[in-house]
1. Would you confirm whether or not the range 477-486 contains a residue that is out of contact with any helix residue (DSSP H, G or I) (no Cβ under 6 Å at 6 or more places or on another chain), part of a strand (DSSP E or B), surrounded by fewer than 11 Cβ atoms within 10 Å (Cβ to Cβ) and at pLDDT below 85?
2. Quick one: which of 394, 427, 441 is at pLDDT 95 or above and either closer than 18 Å to residue 377 by Cα or not assigned by TED's automatic domain parsing to the domain that holds residue 374 (or both)?
3. Among the residues of the range 77-92, is there at least one that is touching a strand residue (DSSP E or B) at 6+ places or on another chain (Cβ under 9 Å) and either surrounded by 14 or more Cβ atoms within 10 Å (Cβ to Cβ) or at pLDDT 95 or above (or both)?
4. Just wondering, is there one or more residues in the range 164-177 that are surrounded by 16 or more Cβ atoms within 10 Å (Cβ to Cβ) and touching a residue at least 12 places away in the same chain (Cβ under 8 Å)?
5. List the helices (runs of 4 or more DSSP H) inside the range 299-405, counting only whole elements, that have at least 1 residues being in contact (Cβ under 8 Å) with a residue 12 or more places away in the chain and surrounded by fewer than 15 Cβ atoms within 10 Å (Cβ to Cβ).
6. For the range 241-273, name all the residues that are surrounded by 15 or more Cβ atoms within 10 Å (Cβ to Cβ) and not in a helix (DSSP H, G or I).
7. Pick out the one residue from 160, 181 that is within 22 Å of residue 239 (Cα to Cα) and within 40 Å of the chain's Cα centre (by Cα).
8. Starting from residues that are part of a helix (DSSP H, G or I) and touching a helix residue (DSSP H, G or I) at 6+ places or on another chain (Cβ under 7 Å), keep the ones in the range 407-428 and report whichever is surrounded by the fewest Cβ atoms within 10 Å (Cβ to Cβ).
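The values are calculated or read from the model by the stated rules, or taken from the named source; none is laboratory data. Keep in mind it's a predicted model, so treat the numbers as computed, not measured. Cβ sites come from the backbone with ideal geometry, for glycine too, and all protein chains shown count toward neighbours.
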């Protein structure tokens, strides 16, 4: 049967060598991806998280899989399978590193036994699980057929028989000065029990144990390898069976199982990451995703910020947004350090996570399936490009506007702060007019209030302050008309133009 990949789109996921797009760092998505994959480094999951989807049906497919995995019993079964597969890979890794023939073949046999046990247990657990997703239903059928196949049963039976044959081997090692002999075990009497019984009457309380403990490890020195070669000569049949097993099953791992073992960790890693964030009392939801530009999210939050606040007493402030009818542009204004940039990042993060088929921060959401996200955040001036701050801003924005489409999302954060207010307003209006023509979704963080009322497509949202203390931020961003007069002091502080700051600058 053809197995539908859990993640789909295999040809487009291997992009780990490509340079990250600028929106990844601007939106702190790089921090989110690092946090999600931190405990699963061996699976190389970043390519999956770097590949947004453009297919609504694939997103629904992933939602189904993730809903199934919310069942504790199924998650436990996946964890048990993954732990055994880690052992399999570890044993196979040893085989590549070891030097002596029978030592390598012994670990190869152990790896195959653990693999068979992992698949047999997984098939049993999947049959007990209450699964509904197309992905898991197809995979359960595949595993059931695979475990019942002649190939797998041959692997399992032969591995057990070879193990049993080797376990029956008994031998004696006679050690002499500078030499040793290996011979078949001839039912010599083991006097250990008799010796212990004879001297038991002389025992007075706890005594020091002078017995030498033999090192137990995966390695084997040349003396041990020589002993093993002698044992193989004494018992040729079990070792011939081991040789045959290693040669005939040298690629015993099924490709679909190998792929599943890695891909399922895409879901496991995010669900575990999400569980940590939920400890903060925050919500996640399955978003509606499609081409509807009437987007919304209630109780959304910046995922990178929430992760960074884990283990602290600081709470994460959630915010709502919605666009309805012709509305396309959210213009965010308000005092400096009031949560405007965090809100803009949240908007971008939500859409990116939704495009991966993952749950998103918030209790309810409908988000747009975009083609690309473009961001323009303030950068440290780069003297190597020989451009001034304003020229660099214009250059970057020009590049963005040349590439955006009506299906793009644009996030602009405090543009043209290096020029005069009059010029900044003029340039910003030109950009917004271009955005309005394209009818694309946009978030613009600015101190220029007039931008929020340019069109019926623009919506004003304002980061708020504590009414009785204008210097204290609430970090709540709400829909309301902009009122820049209330934040004149904040703007002055940002540009170091308060009376106190000017005096300090003069002194220095």
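1. Taking every residue of the range 477-486 in turn, none turns out to be out of contact with any helix residue (DSSP H, G or I) (no Cβ under 6 Å at 6 or more places or on another chain), part of a strand (DSSP E or B), surrounded by fewer than 11 Cβ atoms within 10 Å (Cβ to Cβ) and at pLDDT below 85.
2. After applying the criteria, what remains is 441.
3. For the range 77-92, residues touching a strand residue (DSSP E or B) at 6+ places or on another chain (Cβ under 9 Å) and either surrounded by 14 or more Cβ atoms within 10 Å (Cβ to Cβ) or at pLDDT 95 or above (or both): absent.
4. yes
5. Hits in the range 299-405: 389-403.
6. 249, 252, 253, 254
7. 160
8. Checking each candidate, the answer is 425.
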